[in-house]
1. For every other residue with a beta carbon closer than 12 angstrom to the beta carbon of Gln58, add +1 if it is Lys or Arg and -1 if Asp or Glu, then tell me the sum.
2. What's the local net charge at Ser13, with K and R +1, D and E -1, over the other residues with C-beta under 14 Å away?
3. Once the other residues with Cβ under 14 Å from the Cβ of Leu32 are scored (Lys, Arg +1; Asp, Glu -1), what is the net sum?
Amino acid sequence: MAGKSQKAPSFESAMAELEQIIADMEAGKLSLEDSLAAYKRGAELLALCRTQLEDAQQQVRVLDEGVLKNFSVNGETSAVSGQS
């Protein structure tokens, strides 16, 4: 069955590929056909990166609204922090 059986690239690899596409297009290395294909691939990568960023922002919101609140343990008030 044809389709999207391939796993989506990570944010970092998608950004690296997008940066390479931009560099190639700016350098004028591509034919018109290749430029159109690169533009299409770049648009796909951009959408993927935006989706991944939005998902990460949503996860941060959930954490901020739930886990990262002040809480009381044995009468002591504490806040979760990123420092050890």
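1. Working: positive: Arg61; negative: Glu54, Asp55, Asp64, Glu65.
With Lys, Arg at +1 and Asp, Glu at -1, the neighbours total -3.
2. Working: positive: Lys7, Arg41; negative: Glu12, Glu17, Glu19, Glu44.
Here the charged neighbours net out to -2.
3. Working: positive: Lys29, Lys40; negative: Asp24, Glu33, Asp34.
Local net charge: -1.
Since every read-out is calculated from the coordinates, none of them should be taken as a lab result. Keep in mind it's a predicted model, so treat the numbers as computed, not measured. No Cβ is skipped: glycine too gets one built from the backbone with ideal geometry, and neighbour counts run over all protein chains shown.
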